[in-house]
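Data block below; observations after.
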Amino acid sequence: MYDLLIKNGLAYIDHKFVKTNIGVSQGKITYIGMKEIDAKEVYDASGLKVLPGLIDPHVHFELYCGTVTSVDDFYYGSKSAAYGGVTTIIDFLDPTRNAEELEKSFYERKALAEKCNVDYHFHACIREPEGDLEEYVKKMKELGMNTIKLFTTYSETHRRTYDKDIIDLLKLSKKYNFVVCAHIENDEMINRDDSLPYSEICNARNSLSETSEALKLCKYAKETDGHLYMVHCSSGETLKQIKEQFGHVLGKNIFIESCPHYFVFNKDVLKKENGYLFTFAPPLRSEEERKLMCVNFDNINTIGTDHCSFNSADKKSHPLLKGHPLGIGGIENSYVVMHTLFGDKVIEKMSENVGNIENFHDKNGIKLENCADFAIVKDETNIIGKPHGKADYSVYENMEVNQKVVSTIVRGKFVLKNGEFIENKGRLINCD
């Protein structure tokens, strides 16, 4: 007797849709085929598509940003995730300088995340490293993580990691088989004038600062044969130049993540009366660069949301760039927005690609013995409304999309069933 049978759905298996039944036992996929097996619970997915559970590799729940804390904590952020078909999120530890601080940061963040409704994991996060980098890496691996996030900017808040340490980390990434995740902006090119209004963020953090830094880090990764993952690529020019100069190693030891907002909006929205709602770093780019992002979409390996939501009043009450809470929500709408733009090719970039890069051996597609994580969607025109987290707005409100997430299943348990949210106890997952 199986715990759950999902029957008559079109399941996304090996990059194509196949009509099949799926049996689940003890949170694992234990049957794929056309038999109608006995199960304690039967879910009829007739007319629906069954996707592998989506993985968001880049969220910031309950993050203090210097003036305001992002409003979606792990409970509400994961509730919003469930409405978006996201079954696993990867958040970030607070930046640390050494192995001792790293361990402390891990357990502090873990305590906050225990109210998560979906499965969760963490990126280690390093800043101005001191002491033995190899010891830091070993502690990260011991704690079950496979990625170290670093910043090439934010020297003013002591979060920057400098080139020598970046090169050493890339060398270590080959030796210990982990991934260096980099926020890519040239620190020397950032304008930190305290009098700048938020609307000047695109000039203060211009495209060249991203492109030049990305190409430099790609060069380091090629020279060291290290594993580099560049987060939230914002400019089509950056993407185009990486493809031209390093295309032969893209997807092998160099990986690129981007976010839905860089494919949907351009910097002109900052000129609107409510432009403060569209502020994040790196910022939006020109329409030409947005179009280049879309043209080069196939060279993106993963989609993360950089979900860091605030209420509109928090954004509006900080008119200057200094102290302005940078970030937007997006986890609830990321899949439907991206699918409307690019169709089924987004599925693997939001599921198995992330699982493979992160070394989640049982969260990389609909396969026997993998976690029974599913996003069940319906092909229908839908208008995006208010998010189901704590934020009072979404930049995607009133956008017309071509699909709707109907149900979300984590380890065989519904967290969203036919549009109704069901509380769930998510698990901390480790890398192999």
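The values are calculated or read from the model by the stated rules, or taken from the named source; none is laboratory data. Computed from a predicted model, the values in this text were never measured in an experiment. Here the Cβ is made from the backbone with ideal geometry for all residues, glycine too, and neighbour counts use every protein chain on show. When the accessible area is computed, the model is the full protein with side chains, heavy atoms only, and any ligands, DNA or RNA have been set aside. Shrake-Rupley method; radii C 1.70, N 1.55, O 1.52, S 1.80 Å.
Filter region 382-395 for residues that are without any contact (Cβ under 8 Å) to a residue 24 or more places away in the chain and either among the β-branched types (Val, Ile, Thr) or open to solvent by less than 10 Å² (accessible area, probe 1.4 Å) (or both) and give the result. Before the answer, list the steps.
Narrowing region 382-395 to residues without any contact (Cβ under 8 Å) to a residue 24 or more places away in the chain: 383, 385-386.
Hit for region 382-395 is ILE383, nothing else.
Please find, among ALA221, ALA214, the residue that is within 13 Å of LEU169 (Cα to Cα) and either in contact with an Asp or Glu (Cβ under 8 Å, 6 or more places away or on another chain) or not in a loop (DSSP other than H, G, I, E, B) (or both). Even if it seems obvious, please write down each step before you answer.
Working: ALA214 fails: within 13 Å of LEU169 (Cα to Cα).
Unique residue meeting the criteria: ALA221.
Which residues, taken from region 246-290, are open to solvent by 20 Å² or more (accessible area, probe 1.4 Å), assigned to a helix (DSSP H, G or I), farther than 19 Å from VAL337 by Cβ and not aliphatic (A, V, I, L, M)?
The answer is GLY247, HIS248, LYS271, TYR276, GLU288.
Looking only at region 396-418, how many residues end up being of a type outside the set (Phe, Trp, Tyr) and either surrounded by 20 or more Cβ atoms within 10 Å (Cβ to Cβ) or under 17 Å from LEU54 (Cα atoms) (or both)? First the steps, then the outcome.
Our first condition is that a residue be of a type outside the set (Phe, Trp, Tyr); within region 396-418, this holds for 397-413, 415-418.
Of the ones still in play, those that are also either surrounded by 20 or more Cβ atoms within 10 Å (Cβ to Cβ) or under 17 Å from LEU54 (Cα atoms) (or both) are 403-413, 415-417.
Final tally of qualifying residues: 14.
Restricted to region 46-67, and to residues that are under 24 Å from ALA182 (Cα atoms) and of a type in the set (A, V, I, L, M, F, W, C), which residue is surrounded by the fewest Cβ atoms within 10 Å (Cβ to Cβ)?
For region 46-67, the residue satisfying everything is CYS65.
For region 198-238, what are the residues that are closer than 20 Å to PHE178 by Cβ and polar (S, T, N, Q)?
Residue satisfying the conditions is THR224 alone.
GLU332 is checked against (1) buried (at least 24 other Cβ atoms within 10 Å of the Cβ); (2) in contact with an Asp or Glu (Cβ under 8 Å, 6 or more places away or on another chain) and fails just one. What number does that condition carry?
(2)
Output the number of residues of region 356-381 satisfying the condition of being assigned to a strand (DSSP E or B) and either more than 19 Å from TYR335 (Cα to Cα) or open to solvent by 40 Å² or more (accessible area, probe 1.4 Å) (or both). Steps first, answer last, please.
Initial filter on region 356-381 (assigned to a strand (DSSP E or B)): 371, 374-381.
Still in the list and also either more than 19 Å from TYR335 (Cα to Cα) or open to solvent by 40 Å² or more (accessible area, probe 1.4 Å) (or both): 371, 378-381.
Residues flagged as assigned to a strand (DSSP E or B) and either more than 19 Å from TYR335 (Cα to Cα) or open to solvent by 40 Å² or more (accessible area, probe 1.4 Å) (or both) within region 356-381 amount to 5.
Show the residue pairs meeting these rules: Cβ distance below 7 Å; 6+ apart or different chains; first residue within region 192-215 and over 25 Å from LEU150 (Cβ atoms) and of a type in the set (S, T, N, Q); second residue open to solvent by 20 Å² or more (accessible area, probe 1.4 Å) and assigned to a helix (DSSP H, G or I).
So the pair list comes out as SER199/LYS271.
Can you tell me which residues in region 419-429 are outside any strand (DSSP E or B), open to solvent by less than 90 Å² (accessible area, probe 1.4 Å) and in contact (Cβ under 8 Å) with a residue 24 or more places away in the chain? Before the answer, list the steps.
In the first step, residues of region 419-429 are kept if they are outside any strand (DSSP E or B); the result is 419, 422-427, 429.
Then drop every residue that is not open to solvent by less than 90 Å² (accessible area, probe 1.4 Å), which leaves 419, 422, 424, 426, 429.
Passing the criteria: ASN424, GLY426, ILE429.
Tell me, which residue of region 107-145 that is of a type in the set (Asp, Glu) and over 18 Å from the mean Cα position of the chain (by Cα) is most open to solvent (accessible area, probe 1.4 Å)? Walk me through how you get there before you give the answer.
So in region 107-145, the residues of a type in the set (Asp, Glu) come out as 108, 114, 119, 128, 130, 132, 134-135, 142.
Right, trim to over 18 Å from the mean Cα position of the chain (by Cα) and you get 108, 114, 128, 130, 132, 134-135, 142.
Numbers: GLU108: 88, GLU114: 79, GLU128: 50, GLU130: 92, ASP132: 87, GLU134: 52, GLU135: 105, GLU142: 126 Å².
Here the residue is GLU142.
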